[in-house]
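Okay, structure first, notes after.
The values are calculated or read from the model by the stated rules, or taken from the named source; none is laboratory data. Because the structure is predicted, anything quoted here is derived from the model rather than measured. Using ideal geometry, Cβ is built from the backbone for each residue, glycine included, and neighbour counts are taken over all protein chains shown.
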Amino acid sequence: MSQDAGQLAQLIDHTLVRPDATLDDLFVVCEDAKKYGFSSVVVNGCHVIRAQEILKGTLVKVCAVAGFPLGANTTTVKIVEAMEAMKNGASEIDFVINIGLVKSGRFDAVEVEIKNIIAMTPKKVHKVILETGRLTQDEIIRLCEIAMRSGAEFVKTSTGFGPRGATVDDVRLIKTVVGSVCRIKASGGIRNLAELTSLVEAGAERIGTSAGPTIMEEYYRLQ
């Protein structure tokens, strides 16, 4: 991977979605995002307004999660959550699919849900979270096809709360399906520059991690 510091930082969605995250934690994460020039700060819906206020006047975007981390909400709840985040200033929405419906073979219902969430939050970047650690290869392939048909900008591997995070094999599989139609966000358990690099080389174009500053400092030490 050949990246300068600015390009590396723009790969990173700096993430704070812990349920016990404080307002002080939010401030630190946003200040770090401004310092390093990360692509976005990813937060739970309750923090969108404050994150937007802290990041005002910068190029760092606010990304909100919806249906997070289980994906088991009703479609209406996910839509309202996404719309509220949009109203409060989020530029990007990362939302979790209904894994139980996938396991029930109800791909038609999953597709309807994804399309409705995207339709009700227009002109935003949408990342469809699959939770690959709970899925078979065939399920991943079918969900990638649905994401493409639905107009999602990204397929995202994981929440970071599932049985495992992103793997190189996950990203390669997704890439074989989506090609250049959708971009790929790898997330979950990415803690260092080597892990980030391997996922980017496999095809990821965005990396979700809470270790953004650590990764950037590692990069600077190697220069």
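Might you let me know whether region 205-219 holds any residue that is in contact (Cβ under 8 Å) with a residue 60 or more places away in the chain, out of contact with any Lys or Arg (no Cβ under 6 Å at 6 or more places or on another chain), among the polar types (S, T, N, Q) and surrounded by fewer than 24 Cβ atoms within 10 Å (Cβ to Cβ)? Yes; the residues of region 205-219 include at least one that is in contact (Cβ under 8 Å) with a residue 60 or more places away in the chain, out of contact with any Lys or Arg (no Cβ under 6 Å at 6 or more places or on another chain), among the polar types (S, T, N, Q) and surrounded by fewer than 24 Cβ atoms within 10 Å (Cβ to Cβ). Residue-level analysis places V128 among those that are under 15 Å from the mean Cα position of the chain (by Cα) and either closer than 22 Å to P163 by Cβ or part of a strand (DSSP E or B) (or both).
Checked against the criterion of being closer than 20 Å to D13 by Cα and surrounded by fewer than 24 Cβ atoms within 10 Å (Cβ to Cβ), the candidates N88, N73 yield just one match: N88.
Every test in (1) in contact (Cβ under 8 Å) with a residue 12 or more places away in the chain; (2) of a type in the set (K, R); (3) under 19 Å from C63 (Cα atoms) is passed by K123 save one, and that test is (1).
Name the residue that is nearest to A33 (Cα to Cα), counting only residues in region 202-223 that are more than 14 Å from the chain's Cα centre (by Cα) and in a loop (DSSP other than H, G, I, E, B). Within region 202-223, the match that is nearest to A33 (Cα to Cα) is A211. In region 4-22, which residue that is part of a helix (DSSP H, G or I) and touching a helix residue (DSSP H, G or I) at 6+ places or on another chain (Cβ under 7 Å) is surrounded by the most Cβ atoms within 10 Å (Cβ to Cβ)? If we take residues in region 4-22 being part of a helix (DSSP H, G or I) and touching a helix residue (DSSP H, G or I) at 6+ places or on another chain (Cβ under 7 Å), then L8 is surrounded by the most Cβ atoms within 10 Å (Cβ to Cβ). Among the residues of region 146-157, is there at least one that is modelled with pLDDT of 95 or more, in a strand (DSSP E or B) and farther than 23 Å from Y36 by Cβ? The answer is yes; a qualifying residue exists. The residues listed here are V42, V62, V48; of these, the one that is in contact (Cβ under 8 Å) with a residue 12 or more places away in the chain and in a helix (DSSP H, G or I) is V48.
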